[in-house]
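Novice: Take this structure, written in structure tokens, and hold onto it; I'll ask about it next.
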Amino acid sequence: MKITDIKTYEIEGKLSEPFWWGNGGNDKRSASLVKIETDEGLTGWGEGWGGINAFKNILKDAVINNDPFEREKIWSNMFNELNNPLIYPGLGGSAMSAIDIALWDITGKKLGVPISVLLGGKVKDKVHVYATGLYYTRKDFDEEVSERIKEAKSYENKGFNAMKIKIGALELEKDLERVSKVKDSLKNDTKLFVDANQAYDLRTAKFVSDKLYEMGIFFFEEPIMGLDVQGYKELVRYSKIRISGGESLRTRYQFLDFINNKAFDIAQPDVGNVGGITEFKHVQSLAYANGIHVYPHVWGTSIMISASLQLASTFTNLPISSSPHALSQEPIMEFDQSENPIRYKISSNDPFKFEKGYLVVPELPGLGIEIDEKKLEEFIVI
């Protein structure tokens, strides 16, 4: 079997209401998709953070006419094409991610097995997930807090026992008050995580970390600039709560210094950004060998959710335990609940079954999802 073509799609859907985080915001949701075609008529789908169309021609020589089963070879070919400091750490890494995911999808379809089998097999049939939402709106403070409390309670009512809230967009005391009020509204056994999206300098992050510890927050995500290895190393040693990060890092080579310096308690690679499934496994192995937990970052369509779910189903507990303590040993995956008009509408099947805080791993071949290209056309912008 040989790869014959790469097709790319930039898609987006308008939000009914914009939302914000510590250093940005959205009035739409977008995704970059790739479709790999073969001479046997099999196709595979992948997703990255962006830039796939811009890098398609650069990567064609590394991909076309190769056997999609030879994923490590193709990954190395792509990396070599992009191996300079201006390209691979940026959107080129996302393009590699999307293509790599599509190759795993094709391989699973050809062999009639889900990607989890190709990765060595599941260690669990369902994966613990937490709800991501609780963004900012531009409403007055009391109304904003009231809405976030209602949102948080709705996640509990759906069956989530963990969720993540944003911080970093308001004056500091108000921001901490907002988090505290949401935390106080939750059940005692519901865990709350906090994500600053790199909003703080190190000194402020230490102050916020102390306050979050007093509230009983479980982990503090991306408190400072994402590439500041020494800053994260210092914060991990200072903080009484777990420090996480890594969603913006590409390949094992950007993760290496963080892992060697134990600069994360929790690494959060994103399969659509790190270099795909192939590279995610390299990063996970490095992290586990150094006693660092891996919680997949996921903020995409059903393609990215499924790729992450297939990966997470193969993660052992850390440390290995037959009866792990939730979160401190058992891995947990992000499951975005914020508005996204394109998340599921591009799929012709509904592959995800949610059960009391867990997602059941799809059993269909490859990613376990089918893309409806007619529905996809509704959202294509490029």
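Quick note: the coordinates plus some simple rules give every number you see, no bench work behind them. The shown structure was predicted, so the numbers you read here are calculated from the model rather than taken from an experiment. Cβ sites come from the backbone with ideal geometry, for glycine too, and all protein chains shown count toward neighbours.
Novice: Please report the relative contact order for the stretch 121-191, taking Cα pairs under 8 Å with a sequence separation of at least 6, and give it as a percent rounded to a whole number.
Specialist: About 37 percent, as a whole number.
Novice: I've got another one for you. Taking the Cα atoms only, what angle lies between the long axis of helix 302-312 and the longest principal axis of the chain, rounded to 10 degrees?
Specialist: Taking Cα atoms only, the helix is inclined about 80 degrees.
Novice: Size of the dipole of the stretch 1-86 about the Cα centre, Lys and Arg at +1 and Asp and Glu at -1 on the beta carbon, nothing else charged, in debye to 20?
Specialist: Its charge dipole is roughly 180 debye.
Novice: For the chain, what does the relative contact order come out to in percent, with C-alpha contacts under 8 Å and a separation of six or more?
Specialist: Reported as a whole number, the value is 21 percent.
Novice: Sticking with this structure for a sec: Mind checking the angle between helix 202-215 and the chain's longest principal axis? C-alpha axes, 0 to 90 degrees, to the nearest 10.
Specialist: 70 degrees
Novice: Name the residues whose placed amide hydrogens come within less than 5 Å of the amide hydrogen of Phe19, ignoring near sequence neighbours (fewer than 5 apart) on the same chain.
Specialist: Residues meeting the amide H criterion: Asn26.
Novice: Arranged by the count of other C-beta atoms within 10 angstrom, fewest first, what order do Ile99, Ile58, Ile241, Ile224 take?
Specialist: In increasing order of surrounding Cβ atoms, one gets Ile58, Ile241, Ile224, Ile99.
Novice: Take each of the peptides 187-195, 345-353, average the number of other beta-carbon atoms within 10 Å over its residues, and list them starting from the highest.
Specialist: 187-195, 345-353
Novice: Another question about this same structure. Which shape class, rounded, prolate or oblate, goes with the stretch 235-290 when its Cα gyration tensor gives a ≥ b ≥ c as root eigenvalues, a/c under 1.5 marks rounded, and past that a/b bigger than b/c marks prolate?
Specialist: prolate
Novice: Out of these labelled values of mean projected area of the Cα convex hull in nm², (i) 23.8; (ii) 18.7; (iii) 17.4, which was calculated from the coordinates shown here?
Specialist: Matching the structure shown: (iii).
Novice: Kindly express, to the nearest 10 degrees and within the range 0 to 90, the angle between helix 71-82's C-alpha long axis and the longest C-alpha principal axis of the chain.
Specialist: 80 degrees
Novice: Mind sorting Phe258, Phe79 by how few other Cβ atoms lie within 10 Å of their own Cβ, fewest first?
Specialist: Arranged by neighbour count, lowest to highest, Phe258, Phe79 become Phe79, Phe258.
Novice: Using modelled backbone amide H atoms (1.01 Å from N, in-plane), which distant-in-sequence or interchain residues come within less than 5 Å of Arg242's amide H?
Specialist: Sorted by chain and number, the residues that satisfy this are Phe220.
Novice: Can you list the aspartates and glutamates whose alpha carbon is less than 18 Å from that of Lys28, not counting same-chain residues fewer than 8 positions off?
Specialist: Within reach: Glu10, Glu12, Glu17, Glu47, Asp336, Glu339, Glu377, Glu378.
Novice: Lys and Arg at +1, Asp and Glu at -1: add these up for the other residues within a Cβ distance under 14 Å of Lys164 and post the number.
Specialist: -2
Novice: Checking the cross-link filter: which aspartates and glutamates have an alpha carbon closer than 19 Å to that of Lys211, excluding same-chain neighbours under 8 positions apart?
Specialist: Glu171, Glu173, Asp175, Glu177, Asp184, Asp195, Asp201, Glu221, Glu222, Glu234, Asp265
Novice: Between Asn53 and Val123, how many nm apart are label points set 7 Å from Cα along the C-beta direction?
Specialist: It works out to 4.1 nm between the two label points.
Novice: Can you find, among Phe258, Val236, Tyr344, the residue sitting farthest towards the positive end of the charge dipole of the chain, where Lys and Arg contribute +1 and Asp and Glu -1 at Cβ?
Specialist: Val236
Novice: Counting only helical runs of four or more DSSP H residues, what would the 222 nm mean residue ellipticity of the chain come to if each run contributes -39,500 (n - 2.57) and the total is spread over all its residues?
Specialist: Computed mean residue ellipticity for the chain: -12000 deg cm²/dmol.
Novice: State to the nearest 20 debye the size of the charge dipole of the chain about its Cα centre, where the only charges are +1 on K and R beta carbons and -1 on D and E beta carbons.
Specialist: Its charge dipole is roughly 680 debye.
Novice: Mind checking which lysines have their C-alpha under 22 Å from Lys153, skipping anything on the same chain fewer than 8 residues away?
Specialist: Candidates past the 8-residue exclusion: Lys139, Lys164, Lys166, Lys174, Lys181, Lys183, Lys187, Lys191, Lys353, Lys356.
Novice: Now for a different question. Relative contact order (percent) for the stretch 239-307, with alpha-carbon contacts under 8 angstrom and 6 or more residues of separation?
Specialist: Here the relative contact order equals 34 percent.
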